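Heads up: the structure comes next, in structure tokens.
The values are calculated or read from the model by the stated rules, or taken from the named source; none is laboratory data. If you're wondering where the values come from, they're calculated on a predicted model, not measured in any experiment. Virtual Cβ from ideal backbone geometry, glycine too; neighbours counted across all protein chains shown.
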Amino acid sequence: MFYSWRWYYALAGLVAFTDSVLAIGQASCVAFKSSASTFSIVSNGKGTPILLSSDDWPGVQRAAIDFASDIQKVTGVKPTLSNVTADKLPKLSSAIIVGTLGKSSLIQQVVLHANLSVSALEGQWESFIAKEVKNPLPGLSSAYVIIGADKRGSIFAMYDHSEQFGVSPWYWWADVPTTTNSQLFVTSEGCAHGSPSVKYRGLFLNDEQPSLQNWAMEKFTNGTGAALTGSPFNHFFYANVFELLLRLKANYFWPAQWSSAFYVDDTMNGFLADFYGIVMGTSHEEPMARSIPVEWTLFGVGPWDYSENADFIYQFWVNSTERVKNFETLFTLGMRGDGDLPLSQDGSIQLLETIIANQTTILETVINGTNVEDIPQMWCLYKEVEGYYDNGLRAPDYVTLLWTDDNWGNIRRFPLIDERNRTGGAGVYYHYDYVGDPRDYKWITSSQIEKTHEQLSLAIARQADRIWILNVGDLKPYELGIEFFLTYGWNASVWNPNNVNTFVTSWAQREFDMSPADALLVSHIIANVTRWNNRRKPELLNSTTYSLTNYREAETVLANWQATSDLSTSLYNSLSSDKKAAFFELVHHPVQASFTVQNMWIASGFSALRASQAMLSANGYADQVEDLFAQDYEFEQQYHQLLDGKWDHMMDQTHVMYYYWQQPQANTMPPVTRVQAKKQALAGPLRMGLEGSLGAWPGDNPNQCAQGYSCPTPALTFDTYLPFGNRYIDIGAGGPSSFKFSLTSNVTWLHFSTAAGTITTDAPEQRVYVSVDWSKVTGVENAAILITGNATGQPSTSQPLLVVANHTVAPSDFRGFVEGDGAVSIEAAHASRNTSVDGITWSELPGYGRTASGITPWPRGGDEKNFTAGSGPSVEYDFYTFNTLGGGGNVTVTTFVAPTLNALGDDRALKIAVSVDSGEPVITQFIADEVPGSVPPDWDGLDGFIANSIVSVVNTLDVAPGAHTLKIWMIEPTVIVEKIVINTGGVLPSYLGPPESIKV
Ligand SMILES: *[C@@H]1O[C@H](CO)[C@@H](O)[C@H](O)[C@H]1NC(C)=O
């Protein structure tokens, strides 16, 4: 197991390795045993004193208090913390010296006395070094010296060590217990970190009602919020937020805004942020460090419209700039209309130019003495503002342009090559939580870190790396995703598509102090939960999202959830009690709660289906829905009651039964349908349903055939390459009578998983699998099955069923995917061949997307190289078919691609080309051109590509039965292909498409 960790770190491109696994990606410098090359933090019950300088930043002084108490949490020994100067140094054998270069006179003395080379640190934003220095000061033989290049360099250095010592950044926010060690050392060579990949890395608390707001009201107020706003987000609350941010090495923050106003709610808030070392911003729609709409509602006079009310709004911004001028602030420029809506369209560009010019004047006037170009400023190109930009509106060069995603994790636009030399650079505003079309998602974790990595690796490659801000809703329960986002921004070079999963294993080891094997299991659980919640957000589920009749889709979804839930339960049960709360919050609750909701929707679907089939089992499904609906609340309660109610209200978010895009006022039970349990169906006690059909027999049913009565005898078709290898028949009770059933056939080559059984009111439904002994079938053969039911006191009933078995055979020398059930379905990563061009290869993004993974042209640097159809990198899939659509010589090829957007601008729309054999590549642009700043029409809606988390690229091609090769050609970068389905006539509706075909 030890070696697998060595391997992970090697993958991460890191050489440093000690026995610590309490770090995620960063170089490790902590040890729990002494050796010749370690320095003692605590050993034999003695803590090494921590020395500071009284002239260092107050924020560094504050973090040092955390640092000392973290050491105490780990070891039980609290080291002393004192301000010293070199000339009045107490007598010590060794010390930990912490301070900021250029600020701490103590550090200056160490640098001089020990002749330390710190040139690599000077002027380096947030970087630090830490190492043992011999004879650092007169009279001191050795010290572990931690030097930050600036305030946050020092703070991050201490928290980086704390994390490796065993104190999780989430110790308070997710109740992660500290792994204790009585002996604590650092390596003499220590740790260092250069400037982070992304300059400003932060979080946005948003749409915080009901959960975060109700929770904070209970925990941080006496029941009433701030006098003017009612907000509970005071400095007691924010102290916890800011400490978390710093422990996660974040530096930037947009405060909660919907019924809050950061600087008004608590006049301590702004001071606190600056004291901690957090750079405050405001959201895209709140210019000049002022909450909109709340502050405008409180203090505004006249309309929020610069064309009508410029004088008042100008002064409104002067006042807010005055308020924050002594705090580290990143100013948001621009303006949106009332209620986060566009400005009125006419003359918006000229007006915004005036607004930005006036905002510049305000900054120059209020913060005089600073060159306005050195004041951090951002202009967010959100929605229509991106359109203004495309139409020529520009901000000054030193202003950072903040590009945005589509609110669903697909970045709309990256800086193009000619936009990359701006001194202000560019950044990205990204969402893990959203209120809006086509539906809110704000209940539970539903973003894949594989996708986050994929999108943000583009941000790195295309230099959108000045600001990364993540909308995190209520903050919980997105802990893992948040940490990945910030960790990636801290050092992007560590992570690549092949090691993203090791982020989760390292995280699980750090949070739960578990074995690498168990951590791997946790990473599977997290991968499953986020994959399944991302491929359709739980808020968007309904009772027929997953097919109830085709491809065993609903059953497979549930079986997978069940297995994941069981795994989570067994891990939860195996953990010591001190770890259970953290595991519940971070892993177990998301699994249980998501599974419950999914299970409830599918049971709701089956209750309606079975009722329409006149089957008694409808009622059992209806009961299940009621139980699961109650259970959903139980899990919420369990969360709220954890640790004596520490997280009361944090799961208040409603999430079942949306009536439109906005959250429902109450969770409402999904519809259930029942049959009269005491009354028998007209056709008798025996009911039969078939795989692939909504119909039921005997008797009438609208889904048997077009007219619904006097339909032909139902049939099951078989071929050699059915993905499941069999078909099922559901036998059910048509009422209160128990009966015995039997299946017989007129051939020897049919096999039944069970040929006889009993249906009772307690077990009102049984599934029988039918398979074919292909050694006994030549070509196409027919058979008949008779299903008979005998209920006491009633005449025997029976239902005939035809079977058509087609013994299809691919040639023995063929290698590839073979048509079965009228389709060839292929996971994109399972290519037969892969051809690189100019060093670019279709490469796998493991874990990405709805089913197995995705493939995308890689590497994809910033150069934006593209190809004409047929000249670029290609992947090939060998397949074999027996049929064409309706015998007409055609098939459809559906390429399922991820819903990434035309982020290279309008003239570089995303495209792929597909071809079969030597046919001409057929080009498809699959994301339509958009009105600037808007999304294409098929993006939206409950069946749009955002809701479905996929775009289907459908091409009809001439493909005669036989062996073929499908080729997918790169045209534009960043296209991600997940799955390919070739329909030869048998494809039925489903959410995920047919399961993968058999490969020979
Ligand atoms: C060090 O000095 C600063 C500035 O005077 C003070 O705020 C802080 O409390 C002192 N720290 C200790 C540990 O005495």
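Show the residue pairs meeting these rules: Cβ distance below 7 Å; 6+ apart or different chains; first residue within the stretch 52-70 and free of Cβ contacts under 8 Å to residues at least 24 places away in the same chain; second residue within 8 Å of the ligand (Cβ to nearest atom) and not in a helix (DSSP H, G or I).
GLN61/LEU52; ILE65/LEU81; ALA68/LEU81
Which of the residues belonging to the stretch 518-553 are small (Gly, Ala, Ser), in a helix (DSSP H, G or I) and within 28 Å of VAL435 (Cα to Cα)? Working first, answer last.
At the first step, the residues of the stretch 518-553 found to be small (Gly, Ala, Ser) are 519, 523, 527, 543, 547.
Narrowing further to those that are in a helix (DSSP H, G or I): 519, 523, 527.
ALA527 - this is the single residue of the stretch 518-553 that is small (Gly, Ala, Ser), in a helix (DSSP H, G or I) and within 28 Å of VAL435 (Cα to Cα).
Name, by its number, the condition in (1) over 33 Å from the mean Cα position of the chain (by Cα); (2) modelled with pLDDT of 95 or more; (3) not charged (D, E, K, R) that does not hold for ALA120.
Result: ALA120 passes all but (2).
Which fully enclosed strands (runs of 3 or more DSSP E) of the stretch 56-155 have 1 or more residues being away from the ligand (no atom under 15 Å from the Cβ)? If you could, list the steps in order and put the result at the bottom.
On the way: elements: 81-83, 94-100, 128-137, 140-148.
Of the strands (runs of 3 or more DSSP E) lying wholly inside the stretch 56-155, those with at least 1 residues that are away from the ligand (no atom under 15 Å from the Cβ) span 94-100, 128-137, 140-148.
Name every residue in the stretch 252-265 that is in contact with a Leu (Cβ under 8 Å, 6 or more places away or on another chain) and under 13 Å from GLY225 (Cβ atoms), in order of residue number.
Passing the criteria: ALA256, ALA261, VAL264, ASP265.
Within the stretch 204-221, is there a residue that is crowded, with 22+ Cβ neighbours inside 10 Å, part of a strand (DSSP E or B) and either modelled with pLDDT of 95 or more or among the basic types (Lys, Arg) (or both)?
Kept after step one, since they are crowded, with 22+ Cβ neighbours inside 10 Å, are these residues of the stretch 204-221: 204-208, 211-213, 215-216.
Now drop any that are not part of a strand (DSSP E or B), which leaves 204.
When the remaining residues are screened for being either modelled with pLDDT of 95 or more or among the basic types (Lys, Arg) (or both), the result is 204.
The answer is yes, given that some residue of the stretch 204-221 is crowded, with 22+ Cβ neighbours inside 10 Å, part of a strand (DSSP E or B) and either modelled with pLDDT of 95 or more or among the basic types (Lys, Arg) (or both).
Looking at SER105, SER82, can you tell me which residue is surrounded by fewer than 17 Cβ atoms within 10 Å (Cβ to Cβ) and touching an Asp or Glu at 6+ places or on another chain (Cβ under 9 Å)?
Working: SER82 fails: touching an Asp or Glu at 6+ places or on another chain (Cβ under 9 Å).
Among SER105, SER82, only SER105 is surrounded by fewer than 17 Cβ atoms within 10 Å (Cβ to Cβ) and touching an Asp or Glu at 6+ places or on another chain (Cβ under 9 Å).
Kindly indicate the residue of the stretch 759-786 that is within 46 Å of the chain's Cα centre (by Cα) and hydroxyl-bearing (Ser, Thr, Tyr) and also nearest to ALA611 (Cα to Cα) among those meeting that condition.
Going through the stretch 759-786, the residues within 46 Å of the chain's Cα centre (by Cα) turn out to be 759-774.
Then drop every residue that is not hydroxyl-bearing (Ser, Thr, Tyr), which leaves 760-761, 769, 771.
Values: THR760: 17, THR761: 15, TYR769: 22, SER771: 28 Å.
Only one residue tops the list, namely THR761.
Which one of these is at positive phi, modelled with pLDDT of 95 or more and not aliphatic (A, V, I, L, M): GLY889, GLY872?
Values: GLY872 fails: at positive phi.
Going through GLY889, GLY872 in turn, the sole match is GLY889.
Just need a number here: residues in the stretch 909-932 that are under 25 Å from LEU966 (Cα atoms) and touching an Asp or Glu at 6+ places or on another chain (Cβ under 6 Å). Show your work before the answer.
Restricting attention to the stretch 909-932, the residues satisfying the condition of being under 25 Å from LEU966 (Cα atoms) are 909-928.
Now restrict to residues that are touching an Asp or Glu at 6+ places or on another chain (Cβ under 6 Å): 910-911.
The number of residues fulfilling the criteria is 2.
What do you reckon, is SER259 of a type in the set (Gly, Ala, Ser) and within 25 Å of VAL435 (Cα to Cα)?
yes
Have a look at SER997, SER934, SER915 and point out the one that is at negative phi, in contact with a Leu (Cβ under 8 Å, 6 or more places away or on another chain) and among the small types (Gly, Ala, Ser). Before you say what the answer is, go through the steps one by one.
On the way: SER997 fails: in contact with a Leu (Cβ under 8 Å, 6 or more places away or on another chain); SER934 fails: in contact with a Leu (Cβ under 8 Å, 6 or more places away or on another chain).
Answer to the check: SER915.
What tally of residues in the stretch 184-237 results from selecting those that are of a type in the set (Ser, Thr, Tyr) and closer than 18 Å to TRP647 by Cβ? Before the answer, list the steps.
The first filter runs over the stretch 184-237 and keeps only residues of a type in the set (Ser, Thr, Tyr), leaving 187-188, 195, 197, 200, 211, 221, 224, 229, 231.
Still in the list and also closer than 18 Å to TRP647 by Cβ: 211, 221.
Residues meeting the conditions: 2.
Take the stretch 756-782 and flag every residue that is within 23 Å of THR720 (Cβ to Cβ) and among the aliphatic types (A, V, I, L, M). Steps first, answer last, please.
Taking the stretch 756-782 and keeping what is within 23 Å of THR720 (Cβ to Cβ), we get 767-782.
Those that are within 23 Å of THR720 (Cβ to Cβ) and among the aliphatic types (A, V, I, L, M): VAL768, VAL770, VAL772, VAL777, VAL780.
Somewhere in the stretch 24-36, is a residue part of a loop (DSSP other than H, G, I, E, B) and either more than 30 Å from LEU520 (Cα to Cα) or within 16 Å of the ligand (Cβ to nearest atom) (or both)? Full working, then the answer.
Of the stretch 24-36, the ones part of a loop (DSSP other than H, G, I, E, B) are 24-29, 32-36.
Now restrict to residues that are either more than 30 Å from LEU520 (Cα to Cα) or within 16 Å of the ligand (Cβ to nearest atom) (or both): 35-36.
The answer is yes, given that some residue of the stretch 24-36 is part of a loop (DSSP other than H, G, I, E, B) and either more than 30 Å from LEU520 (Cα to Cα) or within 16 Å of the ligand (Cβ to nearest atom) (or both).
Given the conditions (1) touching a strand residue (DSSP E or B) at 6+ places or on another chain (Cβ under 6 Å); (2) in contact (Cβ under 8 Å) with a residue 40 or more places away in the chain; (3) more than 17 Å from VAL198 (Cα to Cα), and given that SER162 satisfies all but one, which numbered condition is not satisfied?
It fails just one condition, (1).
Out of the stretch 377-398, which residues are surrounded by fewer than 17 Cβ atoms within 10 Å (Cβ to Cβ) and at pLDDT below 90?
ASP390, ASN391, GLY392
Collect the residues in the stretch 234-259 that are of a type outside the set (A, V, I, L, M), part of a loop (DSSP other than H, G, I, E, B) and either in contact with a Pro (Cβ under 8 Å, 6 or more places away or on another chain) or free of Cβ contacts under 8 Å to residues at least 12 places away in the same chain (or both), keeping them in residue-number order.
LYS249
Where in the stretch 744-817 are there strands (runs of 3 or more DSSP E), lying wholly inside it, with at least 2 residues that are surrounded by fewer than 15 Cβ atoms within 10 Å (Cβ to Cβ)?
Working: elements: 750-752, 756-759, 765-772, 780-790, 797-806.
Those strands (runs of 3 or more DSSP E) span 756-759, 780-790, 797-806.
Which residues, counting only those in the stretch 43-55, are within 8 Å of the ligand (Cβ to nearest atom) and within 41 Å of the chain's Cα centre (by Cα)?
Once the filter is applied, which keeps residues that are within 8 Å of the ligand (Cβ to nearest atom) and within 41 Å of the chain's Cα centre (by Cα), the stretch 43-55 yields only LEU52.
Any idea how many residues of the stretch 644-660 are surrounded by fewer than 17 Cβ atoms within 10 Å (Cβ to Cβ) and under 19 Å from ASP474 (Cα atoms)?
Number satisfying all stated conditions: 2.
From (1) surrounded by fewer than 20 Cβ atoms within 10 Å (Cβ to Cβ); (2) β-branched (Val, Ile, Thr); (3) touching a Leu at 6+ places or on another chain (Cβ under 9 Å), pick out the condition that doesn't hold for THR365.
For THR365, the failing item is (3).
Select from the stretch 572-626 the residues that are among the polar types (S, T, N, Q), part of a helix (DSSP H, G or I) and under 24 Å from VAL557 (Cβ atoms) and list them in ascending order. Step through it out loud before you land on a result.
Narrowing the stretch 572-626 to residues among the polar types (S, T, N, Q): 573-574, 576-577, 592, 594, 596, 598-599, 604, 607, 612-613, 617, 619, 624.
When the remaining residues are screened for being part of a helix (DSSP H, G or I), the result is 573-574, 577, 592, 594, 596, 598-599, 604, 607, 612, 617, 619, 624.
Result: GLN592, SER594, THR596, GLN598, ASN599, SER604, SER607, SER612, SER617, ASN619, GLN624.
Just to be sure I understand the filter: pairs with C-beta atoms under 6 Å, separated by 6 or more residues or on different chains, first member in the stretch 618-643 and closer than 15 Å to THR668 by Cα, second member hydroxyl-bearing (Ser, Thr, Tyr) and part of a helix (DSSP H, G or I). Which pairs pass?
Once the first residue is closer than 15 Å to THR668 by Cα and sits in the stretch 618-643, its partners that are hydroxyl-bearing (Ser, Thr, Tyr) and part of a helix (DSSP H, G or I) give ALA622/SER607; VAL625/SER604; LEU628/THR596; GLN631/THR596; ASP632/THR596.
Within the stretch 784-814, work out how many residues are within 30 Å of PHE879 (Cβ to Cβ) and out of contact with any Asp or Glu (no Cβ under 6 Å at 6 or more places or on another chain). Break it down into steps so the answer makes sense when it comes.
Filtering the stretch 784-814 for residues within 30 Å of PHE879 (Cβ to Cβ) gives 802-814.
Of the ones still in play, those that are also out of contact with any Asp or Glu (no Cβ under 6 Å at 6 or more places or on another chain) are 802-804, 807, 809-814.
So the answer is 10.
Would you confirm whether any residue within the stretch 267-277 is out of contact with any Pro (no Cβ under 6 Å at 6 or more places or on another chain), touching a residue at least 60 places away in the same chain (Cβ under 8 Å) and not acidic (Asp, Glu)?
Yes, the stretch 267-277 contains at least one residue that is out of contact with any Pro (no Cβ under 6 Å at 6 or more places or on another chain), touching a residue at least 60 places away in the same chain (Cβ under 8 Å) and not acidic (Asp, Glu).
Quick check on this structure: which one of ALA95, ALA86 is over 30 Å from PRO177 (Cβ atoms) and out of contact with any Lys or Arg (no Cβ under 7 Å at 6 or more places or on another chain)?
Values: ALA95 fails: over 30 Å from PRO177 (Cβ atoms).
After applying the criteria, what remains is ALA86.
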